[in-house]
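Bear in mind that the values in this text are calculations on the coordinates, not laboratory data. Quantities reported herein were computed from a predicted structural model and do not represent experimental measurements. FYI the Cβ positions are ideal-geometry reconstructions off the backbone, even for glycines, and counts take in every protein chain you see.
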Amino acid sequence: MRSPLETLLAEELRSDSAAAERALRVAREELARKRPVRSWRTQAAWMFAASALLTTVVAGVMWGVGASSGAVLLGRAPLLALLWATSAVCAWGALSPRRGRLPLWGIGMAMVSATVLVLARSGVHAESTLPEWVCTASHVGLGLIPLVVAVVLLRSAAFRPLRAVLAGLSVGTTGAFVGELACAQGWRHVLGYHLSAWVLIAVATFAVSRSLLPRSFAP
């Protein structure tokens, strides 16, 4: 015959077991209702794709309407590939939970790309009938779509200044890419009006992502 203490302990164990089973059942039901979480690699690919696809579409349209040519595309191919690579590395560094030296690679590639953009126009003295600020405005406007994508993806992790800067540098390659196809002015113009648009997009990405509440505080 059980003592009162043994009976009480047995009832407590049964009560705890039932409570644990209910909690486990509720947790399973909640998980079943939640959407699967996309991996950071998939999100980084989407961030890069937002810029890469937009620049591909714009290049195709320019080629189709005669605003650019196959010769121009081939001639600028190495620099355009460098911009795409910069965008990819910066996007990867922005969303990778284990960054290591990747942010330094991204920032370094962005600096190299910017330098090459300027040096590639040395000796060019072409003039345009449009005001120079049109390039800045158009580059910023083109960058708004990938900027929105980047900000949405950045909310999946805790805000970090370097993460936001890398995302902005990735997005900013959009205008720089199109500027290589649509503008033929010299290095001073590229330095003052093309690269300034890249900086503006990076700053906007940083400011917007900082102001929004993250959906997750993952590293």
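Students often check this: by mean Cβ neighbours within 10 Å, which of 54-61, 84-91 ranks highest, and how do the rest follow? Provide the component values of the computation, followed by the final result.
Numbers: 54-61: 16.0, 84-91: 24.4.
My ranking of the peptides, most packed first, is 84-91, 54-61.
Could you grab the relative contact order for the stretch 117-219? Cα pairs under 8 Å, six or more apart, rounded to a whole percent.
Working: 142 pairs, mean separation 48.0, N = 103.
Here the relative contact order equals 47 percent.
Let me know the volume per residue of the alpha-carbon convex hull for the stretch 59-119, in Å³.
Numbers: hull volume 5.0 nm³, N = 61.
That works out to 81 Å³ per residue.
Mind ordering 126-135, 196-205 by average Cβ neighbours within 10 Å, highest first?
Ranking the peptides 126-135, 196-205 by packing returns 196-205, 126-135.
Run the numbers on the stretch 97-175 and let me know its relative contact order in percent, using alpha-carbon pairs under 8 Å that are six or more apart.
Computed over the stretch 97-175, the figure is 45 percent.
If packing is taken as the average count of other Cβ atoms within 10 Å, what order do 64-77, 111-124, 151-164, 177-190 fall into, highest mean first?
Packing proxy ranking, top to bottom: 177-190, 151-164, 111-124, 64-77.
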